[in-house]
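FYI, it's all coordinate maths here, none of it is from the lab. Keep in mind that what you see is a predicted model, and the values were worked out from it rather than measured. Using ideal geometry, Cβ is built from the backbone for each residue, glycine included, and neighbour counts are taken over all protein chains shown.
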Amino acid sequence: MITIINYGMGNLGSILNMFKRIGAEAQVCDKVEEIAKAEKLLLPGVGAFDAAIKCIDSIVGLRDVLNMKVQVEKVPLLGICLGMQLITDNSEEGNLPGLGFITGKTLRFEANDELKVPHMGWNLVKEIRKSPLTKDLQEDSRFYFVHSYYVKVEQSECQIMTSKYGKDFDSVIQKDNIFGAQFHPEKSHKFGMKLLENFARI
């Protein structure tokens, strides 16, 4: 069972529907005591970094449970879009510390005459190293992005896939049981279905 964490900022219905389409058991949950029993966790996110951290911290015990599940029990966690940014140390979008599961920063794209921000639409991904999350993805796999900020991990071994928008940025990251995807797999058709199917099988 995959537990999709409902902390008030996420595209929950679309994610749940995609898991149903691939035949994976999933549930949306906002109760800390139920999250504490989770076998796998998905951290969604749409909106601003600090607002999301405040929402997480407003649920008594949620951050402690996430730390226990992810860092002690080592259950698989997938952060998507803002959820991937939240698992880094901090963001230029705000002042609050992130969850710090993967060492890295969330930085803002610099807009110019040729580069519009946010980065919105389909984009290709480039595999840097193998991961169970990206197993058997086609070489021409492309995903749907909507974001003004991007992640830069500190340790190169955490880079799984990159994409290019003005500059190369990390589009899939991993450290042990912790995964992040900057794009929206739930909006990325067959490519997103394959990635979520891989996560369900981890």
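Assorted remarks:
- Proximal aspartates and glutamates to Lys20, defined as alpha-carbon separation beneath 18 angstrom and excluding residues fewer than eight positions away on the same chain: Glu39, Glu186, Glu197
- Separation of alpha-carbon centers, the stretch 141-164 and the stretch 12-55, rounded to whole Å: 21 Å
- For Thr106, net neighbour charge (Lys/Arg +1, Asp/Glu -1) across residues whose Cβ lies under 15 Å away: -3
- Whole-angstrom gap from the stretch 88-136 to the stretch 188-202, using each part's C-alpha centre: 19 Å
- Distance (nanometres) between label positions extended 7 Å along Cα→Cβ at Ile202 and Ile22: 1.1 nm
- Amide H within-cut-off set for Leu42, under 5 Å, with H built and near neighbours excluded: Thr3, Ile4, Ile5, Leu78
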